[in-house]
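Enquirer: Quick one: this structure, given as structure tokens, is what I'll be asking you about.
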Amino acid sequence: MTVGAALLLTDLWKRFGEKVAVAGLNLTVPAGSFYGLLGPNGAGKTTTLSLATGLLRPDAGTVHILGHDVWRDPVTAKSLIGVLPDGVKLFDRLSGRELVIYHGLLRGMDRPTVLHRTDELLDTLGLTEDRDSLVIDYSAGMTKKIALACALIHAPKLLLLDEPFEAVDPVSAAAIRAILLQVVVGGGTVVLSSHVMELVERLCDHVAIVHLGRIVAAGPLDDVRAGATLEQRFAERVGASTETVDLEWLRS
């Protein structure tokens, strides 16, 4: 186990039929880092995060969370993480407030602490006015925010977030950024996947680029950029062209 690693992925493999989604992937996320996970569509980012959180079982390889093997010691490992998965599935017949409280109680927290933290999170995320509305009636952005509140309620040491800013309005995005930075300043670790290069450059101190199920670049942000923009390095690593195609017929 690597000393100081919040998340350690070693030789991970995952296949879906003939499709190899993750191909011998290795990644070390230092404790206390704000880590961005980048990759083109279909690169394996979501599968990697699902393997890291125990939502999927790998065909081979290991996952350690703060020194605990996700499959040999799942109760301890999962108690240390907060997860915002892709395609959030929630108990949407509960109100927003009921849902967050439910998650807190499932984590074994005492009710007074759960109630206090729930109201603070709803206020910070701009959901107080809709706290008693059913989650099924929430917009996409509201659903993303209530799911994040559920991931945060137990103050996890490691947050793993799949596109946490997708469908979120600018004011709420600013609140989420402030929350995540508090997690890191407090000694926690945040791992997020995103397609928005500017967001990753603004927030993250480490970054990894995933392509065809493998890590093709990883490390401190400045090391990965190596004097260029992150977008340029990304395109270079995944073999994508940055040239603009001239669609003359659009101007006709």
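Enquirer: Sort the stretch 1-50 into rounded, prolate or oblate with this rule: let a ≥ b ≥ c be the square roots of the eigenvalues of the Cα gyration tensor; rounded if a/c is under 1.5, and if a/c is not under 1.5, prolate when a/b is larger than b/c, oblate otherwise.
Expert: Oblate is the answer for the stretch 1-50, as a/c is 1.5 or above yet b/c matches or exceeds a/b.
Enquirer: Assuming R0 = 45 Å, what is the FRET efficiency of V185 and D92, from their Cβ-Cβ distance, to the nearest 0.05? The partial results should precede the final answer.
Expert: Numbers: r = 33 Å, r/R0 = 0.73.
Result of the calculation: an efficiency of 0.85.
Enquirer: Mind giving me the nanometre distance, one decimal, between the label points for A167 and D222, set 7 Å out from Cα along Cα→Cβ?
Expert: Going from the A167 label point to the D222 one covers 3.8 nm.
Enquirer: In a shell of Cβ-Cβ distance under 13 Å around W13, excluding W13 itself, what net charge do Lys and Arg (+1) and Asp and Glu (-1) give?
Expert: Net charge in that neighbourhood comes out at +3.
Enquirer: Taking every alpha carbon pair in the chain, what does the distance histogram look like in 5 angstrom bins from 0, in percent?
Expert: 1, 6, 13, 16, 18, 16, 13, 8, 5, 2, 1, 0, 0, 0
Enquirer: Still on this structure: Leaving ligands, DNA and RNA out of it, report the carbon-plus-sulfur percent of the accessible area of the stretch 10-51 at a 1.4 Å probe.
Expert: Here it works out to 50 percent.
Enquirer: Where the only charges are on Cβ atoms (+1 Lys, Arg; -1 Asp, Glu), what is the dipole of the chain about its Cα centre, to the nearest 20 debye? Could the numbers behind the result be given before it?
Expert: Numbers: 24 positive and 30 negative charges, 153 e Å.
So the dipole magnitude of the chain works out to roughly 740 debye.
Enquirer: I would also like to ask the following. Could you tell me the ratio Rg/Rh of the stretch 29-79? Both radii from Cα atoms, Rh via Kirkwood.
Expert: 0.98
Enquirer: Ordered by residue, what ³J(HN,Hα) values in Hz, to whole numbers, does the stretch 69-85 give under the Karplus form 6.51 cos²θ - 1.76 cosθ + 1.60, where θ = phi - 60° and Gly and Pro are x?
Expert: Listing the rounded values in order: 5, 4, 9, 8, 9, x, 5, 5, 4, 6, 5, 8, 10, x, 10, 10, x Hz.
Enquirer: Here's a follow-up. How would the stretch 91-182 be classified by its alpha-carbon gyration tensor: rounded, prolate or oblate, with rounded meaning a/c under 1.5 and the a/b versus b/c comparison settling the rest?
Expert: The shape class here is oblate.
Enquirer: Please report the spacing between the Cα centers of the stretch 134-192 and the stretch 27-56 in Å, no decimals.
Expert: For the stretch 134-192 versus the stretch 27-56, the Cα centre distance is 16 Å.
Enquirer: What is the set of long-range amide H partners of G32 at a cut-off below 5 Å, with H atoms built 1.01 Å from backbone N?
Expert: So G32 has HN proximity to T189.
Enquirer: Between R251 and A140, take the C-beta separation as r, use R0 = 45 Å, and let me know the FRET efficiency to the nearest 0.05.
Expert: Working: r = 34 Å, r/R0 = 0.75.
Efficiency at R0 = 45 Å is approximately 0.85.
Enquirer: Hey, got the Cα dimensions of the stretch 117-236 along the principal axes, in Å, largest first?
Expert: Answer, in whole Å and largest first: 48, 29, 26 Å.
Enquirer: How would you classify the stretch 1-148 from its alpha-carbon gyration tensor, with a ≥ b ≥ c the square roots of the eigenvalues: rounded for a/c under 1.5, else prolate if a/b is greater than b/c, otherwise oblate?
Expert: It comes out prolate by the Cα gyration axes.
Enquirer: Something else now. Keeping every protein chain present and rolling a 1.4 Å probe, give me the accessible area per residue for the chain in Å².
Expert: So the chain comes to 50 Å² accessible per residue, rounded to a whole number.
Enquirer: Let me ask another. Once the convex hull of the C-alpha atoms of the stretch 190-252 is built, how many Å³ does it hold per residue, rounded to a whole number?
Expert: Numbers: hull volume 7.5 nm³, N = 63.
Considering the Cα atoms of the stretch 190-252, their hull volume per residue is 118 Å³.
Enquirer: What accessible area, in Å² to the nearest ten, does a 1.4 Å probe give for Y35?
Expert: Accessible area of Y35: about 10 Å².
Enquirer: Further question: If I fit a long axis through the Cα atoms of helix 140-152 and take the longest principal axis of the Cα atoms of the chain, what angle between them do I get, 0 to 90°, rounded to 10?
Expert: Approximately 70 degrees, to the nearest 10.
Enquirer: Same structure, new question: Determine ³J(HN,Hα), in whole Hz, for all residues of the stretch 37-43 in sequence, where each value follows from phi through the Karplus function 6.51 cos²θ - 1.76 cosθ + 1.60 and θ = phi - 60°; x replaces Gly and Pro.
Expert: In residue order, the calculated couplings are 10, 10, x, x, 4, x, 6 Hz.
Enquirer: Roughly how big is the stretch 14-136's charge dipole about its Cα centre, with Cβ charges of +1 (Lys, Arg) and -1 (Asp, Glu), in debye to the nearest 20?
Expert: 500
Enquirer: For E201, E163, what's the largest-to-smallest order of accessible area, 1.4 Å probe? Numbers along the way, then the final one.
Expert: Working: E201 60, E163 30 Å².
If we order E201, E163 from most to least accessible, we get E201, E163.
Enquirer: Nearest 10 degrees is fine. How inclined is helix 170-185 to the longest principal axis of the chain, computing both from alpha carbons?
Expert: Between the helix axis and the principal axis of the chain, the angle is about 90 degrees.
The values are calculated or read from the model by the stated rules, or taken from the named source; none is laboratory data. Predicted model, so just to flag it, every value in this text is computed and none were measured. Virtual Cβ from ideal backbone geometry, glycine too; neighbours counted across all protein chains shown. Heavy atoms of the whole protein, side chains included, go into the accessibility calculation; ligands, DNA and RNA do not. Shrake-Rupley method; radii C 1.70, N 1.55, O 1.52, S 1.80 Å.
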